[in-house]
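Here is the structure we will look at, set down as structure tokens.
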There are 2 protein chains.
Amino acid sequence: MNKFEKAQKVLQDLKGDGWLIICTNTSDVHSRFLLGVGSHARHYIFIAANGKHKILTVEMEAPMIKRSLKNKGVQAEVIVYKTMNELVNLLSPLIHKPRIALNFGENVLSEKGTSYADYIRAGDYFSIKTLAPETEFFSAAPIIYELRSVKSSENLKDLRNVSKANLELLEKIPDWVKVGMTEREIKAKLEYEYMKVGKPSFEAIIGTGAHSADPHHNTSDKKIENGVLLIDTGLQIDEMCTDITWTYWVGKNPSKDFIKAYNALYESKEAANLYYRDGIPNNLPAKKCRESLAKNGFDHEKLFFHGLGHALGFEVHGVGARINWKVPEEYKLKENMVYTNEPGLYWFDKWGVRLEDDVIIGKDKCEQVTYVSKDPIII
Amino acid sequence: MNKFEKAQKVLQDLKGDGWLIICTNTSDVHSRFLLGVGSHARHYIFIAANGKHKILTVEMEAPMIKRSLKNKGVQAEVIVYKTMNELVNLLSPLIHKPRIALNFGENVLSEKGTSYADYIRAGDYFSIKTLAPETEFFSAAPIIYELRSVKSSENLKDLRNVSKANLELLEKIPDWVKVGMTEREIKAKLEYEYMKVGKPSFEAIIGTGAHSADPHHNTSDKKIENGVLLIDTGLQIDEMCTDITWTYWVGKNPSKDFIKAYNALYESKEAANLYYRDGIPNNLPAKKCRESLAKNGFDHEKLFFHGLGHALGFEVHGVGARINWKVPEEYKLKENMVYTNEPGLYWFDKWGVRLEDDVIIGKDKCEQVTYVSKDPIII
């Protein structure tokens with residue numbers, strides 16, 4: 001079954017008549033996910049419960065969309081609109097149906113909400129609602145969850161492949177990173193390698209010294225100094241992303257504090273890994289990780305102030321509840337979901353360490369697909 | 001005046017109490033525009049009419065936001081939330097006011113709509129509306145327009161600087177592009193150079209042969225062949241983006257058809273340039289361009305099926321009505337707006353040419369900041 005057929009099936013189960021995706025300037029990743037091609041102008045994908053799928057697009061993007069769908073064996077009619085009036089006339093009959101799914105989230109300010117489905121812009125929502133005030137619009141969250149949370153065997157093959165490629169590039173870092181290079185230069189060179197085989201799955205975080213203490217540091221023009229160097233980066237090839245953090249020591253004689261933090265983090269990551277299993281509540285690996293850190297004398301509430309992991313997939317922040325000690329008990333891991341395992345310890349304005357690997361949730365045990373070094377790597 | 005102060009002033013003119021920007025995973029570019037730093041977790045920027053600006057953010061991003069605001073001389077309180085409940089409690093008093101601006105567009109399916117202001121996701125809008133049902137939420141479009149459409153002298157300085165840097169890199173292309181390289185390799189190398197000084201303002205379009213006929217072609221693994229090579233690319237340094245298209249001929253003896261199309265396009269671009277002036281309706285440069293193409297025997301309605309230009313700025317598709325022959329008469333260019341001028345001619349499944357330069361709207365004449373070659377460049 002291709003993605004259109006899968007979505008159609010979920011739609012039928014939900015007694016919906018169609019799933020409408022509105023995308024402009026890549027505002028909704030489900031466009032690229034379904035079409036297999038990045039489309040920039042305003043376009044609409046309509047997946048119909050009756051199988052009569054339609055794409056409304058501008059003339060200049062129609063040929064590449066048609067070609068991509070043909071390659072994927074997807075049956076869908078690609079219709080060109082030239083003016084906004086034409087678009088409205090084409091759109092109107094599609095949504096004058098009893099029940100249409102749209103990509104909006106519900107209760108997004110609650111841990112139990114579906115913010116992962118929240119793509120449609122408010123103005124677009126208003127425009128659709130005005131066009132078809134009688135239609136019942138419902139959240140496409142269940143369709144998105146079904147298509148993207150548990151991975152197919154092809155997805156897992158893609159993941160193993162992209163992980164291997166990414167690890168090979170990270171292993172070479174000590175060969176070319178030098179004191180005096182800037183963070184930006186490291187990012188540029190690493191992402192150049194990525195672009196030869198795929199693309200960065202997000203903008204790499206390169207943090208030297210005190211910058212390593214900001215988990216979402218914006219790579220800067222600061223020169224690499226002796227001491228901590230944190231590299232958080234990911235590669236996308238085909239449909240899967242990696243997300244990996246390695247923390248290096250630059251120069252001689254890593255400090256005792258650094259080694260102690262590194263070793264404790266590694267141990268806490270391993271402790272968590274044992275719980276990346278089918279049926280385990282999402283909060284449990286995070287609790288086990290924190291227990292391990294506490295046992296080694298680290299004040300985790302103060303020093304480790306983010307979640308342990310997030311779902312990974314077509315996007316670097318994928319579909320699925322986070323792995324966090326505060327996630328409600330009813331959220332459970334499922335076989336063939338893919339998650340990061342990324343504990344960190346940060347001393348504000350001084351330095352930080354984070355170790356991050358990517359893991360496939362297994363029936364009885366997980367399959368780790370990336371591997372940070374057990375001991376600190378010295379550059 | 002910094003951006004917070006400018007926004008505050010517009011807000012006061014609109015009799016609004018605050019402007020609330022909601023951003024998660026870079027969903028709203030106004031976050032980076034205002035904070036000067038890319039923030040990934042869910043965060044809220046509240047610009048208050050009374051000057052008591054607030055940022056609500058997660059612990060791990062607070063230090064870098066504080067540092068960036070301090071560098072910019074912006075007075076705003078950065079408040080950390082740890083749970084969704086805390087966030088709701090912090091947010092609630094901010095929006096329990098008579099009139100709050102949000103980034104949504106109105107009439108987005110009309111040429112006269114404000115889709116450029118449409119950033120907030122529907123689920124976020126619902127959450128805010130539920131939290132403060134009595135508040136009047138209005139579109140922030142006038143604030144966004146004021147902040148981003150007409151450029152400041154610093155913006156124009158940034159633009160001239162980034163244009164120069166980008167041109168220098170494009171001029172070197174014939175030195176290293178060879179038959180047999182892939183489109184992807186060209187993109188990777190070019191964007192590597194960009195990343196050393198800034199970043200790509202969008203993913204470069206590299207189209208060899210028939211791929212040049214798809215204006216929004218997705219760069220592929222196809223090898224460069226003799227004939228047409230289209231490169232559409234842009235660089236961002238500081239606050240301004242370029243967007244430039246050069247169409248080269250690879251190999252000996254460019255075809256007569258290619259030379260004819262190239263020359264006619266260049267002439268049409270020059271004809272349009274004369275109307276990139278203050279007070280001119282946005283549709284006029286496009287009409288002049290099409291008149292010029294028609295005069296040279298090209299069926300522009302069939303062969304040139306996109307607009308002539310778009311606003312350029314902090315984003316590659318900036319704030320301002322398009323330059324298109326079908327744009328309503330009341331949209332007029334203003335001094336110090338920045339636009340692309342990018343006519344194209346495409347023969348589906350065969351080849352295409354596009355020539356694109358960036359232009360500052362002038363009082364009496366425009367200032368062109370990038371320059372495609374008058375005659376085809378042979379590689």
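Key figures
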{"quantity": "Flag for B:Asp17 being touching a residue at least 40 places away in the same chain (Cβ under 8 Å), surrounded by 17 or more Cβ atoms within 10 Å (Cβ to Cβ) and within 14 Å of another protein chain (Cβ to nearest Cβ)", "calculated": "no"}
{"quantity": "Residues within the range A:44-68 that are of a type in the set (Gly, Ala, Ser) and within 15 Å of A:His30 (Cβ to Cβ), tallied", "calculated": "1"}
{"quantity": "Boolean, A:Ala132 is within 14 Å of chain B (Cβ to nearest Cβ) and in contact with a helix residue (DSSP H, G or I) (Cβ under 6 Å, 6 or more places away or on another chain)", "calculated": "yes"}
{"quantity": "Enumeration of residues in the range B:99-127 that are within 21 Å of B:Gln8 (Cα to Cα) and in contact (Cβ under 8 Å) with a residue 24 or more places away in the chain", "calculated": "B:Arg99, B:Ile100, B:Ala101, B:Leu102, B:Asn103, B:Phe104, B:Gly105, B:Thr114, B:Tyr116, B:Ala117, B:Tyr119, B:Ile120"}
{"quantity": "Restricting the range A:288-321 to residues that are of a type in the set (Phe, Trp, Tyr) and touching a helix residue (DSSP H, G or I) at 6+ places or on another chain (Cβ under 7 Å), the residue that is nearest to A:Asn155 (Cα to Cα)", "calculated": "A:Phe314"}
{"quantity": "Subset tally (residues that are in contact with a helix residue (DSSP H, G or I) (Cβ under 7 Å, 6 or more places away or on another chain) and under 14 Å from B:Thr24 (Cβ atoms)) for the range A:105-115", "calculated": "5"}
{"quantity": "Index of the failed condition, B:Ile377 passing every other in (1) aliphatic (A, V, I, L, M); (2) in the same structural domain as B:Leu170 (by TED's automatic domain parsing); (3) at pLDDT 95 or above", "calculated": "(2)"}
{"quantity": "Residue tally, condition assigned to a loop (DSSP other than H, G, I, E, B), of a type outside the set (D, E, K, R), within 12 Å of chain A (Cβ to nearest Cβ) and touching a strand residue (DSSP E or B) at 6+ places or on another chain (Cβ under 8 Å), over the range B:40-59", "calculated": "2"}
{"quantity": "Test: residue in the range B:288-302 that is among the small types (Gly, Ala, Ser), in the same structural domain as B:Val250 (by TED's automatic domain parsing) and assigned to a helix (DSSP H, G or I)", "calculated": "yes"}
{"quantity": "The range B:83-98 residues that are more than 14 Å from chain A (Cβ to nearest Cβ), paired with ones that are surrounded by 16 or more Cβ atoms within 10 Å (Cβ to Cβ) (beta carbon under 8 Å, 6 or more apart)", "calculated": "B:His96/B:Ala132; B:His96/B:Thr135; B:Lys97/B:Asp17; B:Lys97/B:Gly18; B:Lys97/B:Thr135; B:Pro98/B:Asp17; B:Pro98/B:Thr135"}
{"quantity": "Top-ranked residue of the range B:185-198 - restricted to ones that are within 23 Å of the chain's Cα centre (by Cα) and facing chain A (nearest Cβ under 7 Å), ranked as nearest to A:Glu185 (Cα to Cα)", "calculated": "B:Lys196"}
{"quantity": "Test: residue in the range B:51-62 that is touching a residue at least 60 places away in the same chain (Cβ under 8 Å), more than 30 Å from A:Lys302 (Cβ to Cβ) and outside the structural domain of B:Thr340 (by TED's automatic domain parsing)", "calculated": "no"}
{"quantity": "Residue check, B:Val228 in contact (Cβ under 8 Å) with a residue 60 or more places away in the chain and either farther than 30 Å from A:Thr219 by Cα or surrounded by 18 or more Cβ atoms within 10 Å (Cβ to Cβ) (or both)", "calculated": "yes"}
{"quantity": "From B:Val353, B:Val372, residue being of a type in the set (Val, Ile, Thr), assigned to a loop (DSSP other than H, G, I, E, B), touching a helix residue (DSSP H, G or I) at 6+ places or on another chain (Cβ under 9 Å) and more than 23 Å from B:Ser149 (Cα to Cα)", "calculated": "B:Val372"}
{"quantity": "Number of positions in the range A:55-97 that are surrounded by 19 or more Cβ atoms within 10 Å (Cβ to Cβ) and of a type in the set (D, E, K, R)", "calculated": "1"}
{"quantity": "The range A:303-328 - residue that is hydrophobic (A, V, I, L, M, F, W, C) and not in a loop (DSSP other than H, G, I, E, B) and, of those, nearest to the chain's Cα centre (by Cα)", "calculated": "A:Ala311"}
{"quantity": "Residue ID - farthest from the chain's Cα centre (by Cα), chosen from residues in the range B:98-143 that are modelled with pLDDT of 95 or more and acidic (Asp, Glu)", "calculated": "B:Glu134"}
{"quantity": "Selected residue [closer than 21 Å to B:Gln236 by Cβ, at the interface with chain A (Cβ under 10 Å from one of its Cβ atoms), of a type in the set (S, T, N, Q) and touching an Asp or Glu at 6+ places or on another chain (Cβ under 7 Å)] from B:Thr182, B:Thr219", "calculated": "B:Thr219"}
{"quantity": "Boolean, A:Val37 is surrounded by fewer than 22 Cβ atoms within 10 Å (Cβ to Cβ), facing another protein chain (nearest Cβ under 10 Å), more than 22 Å from A:Ser149 (Cβ to Cβ) and in contact with a helix residue (DSSP H, G or I) (Cβ under 6 Å, 6 or more places away or on another chain)", "calculated": "yes"}
{"quantity": "Members of the range B:68-96 that are in a loop (DSSP other than H, G, I, E, B) and more than 33 Å from the chain's Cα centre (by Cα)", "calculated": "B:Lys82, B:Thr83, B:His96"}
{"quantity": "Residues being over 14 Å from B:Asn296 (Cα atoms) and not charged (D, E, K, R) - total across the range B:239-270", "calculated": "14"}
{"quantity": "In the range A:135-158, residue surrounded by the fewest Cβ atoms within 10 Å (Cβ to Cβ) [restricted to those that are more than 10 Å from chain B (Cβ to nearest Cβ) and closer than 30 Å to B:Thr57 by Cβ]", "calculated": "A:Tyr145"}
{"quantity": "Restricting the range B:199-216 to residues that are facing chain A (nearest Cβ under 9 Å) and touching a helix residue (DSSP H, G or I) at 6+ places or on another chain (Cβ under 6 Å), the residue that is farthest from B:Lys256 (Cα to Cα)", "calculated": "B:His216"}
{"quantity": "The range B:109-129, subset more than 7 Å from chain A (Cβ to nearest Cβ) and assigned to a loop (DSSP other than H, G, I, E, B), residue nearest to B:Ala140 (Cα to Cα)", "calculated": "B:Thr114"}
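The values are calculated or read from the model by the stated rules, or taken from the named source; none is laboratory data. Quick caveat: nothing in here was measured; it's all calculated off a predicted structure. We place every Cβ from the backbone using ideal geometry, glycine too, and count neighbours over all the protein chains shown.
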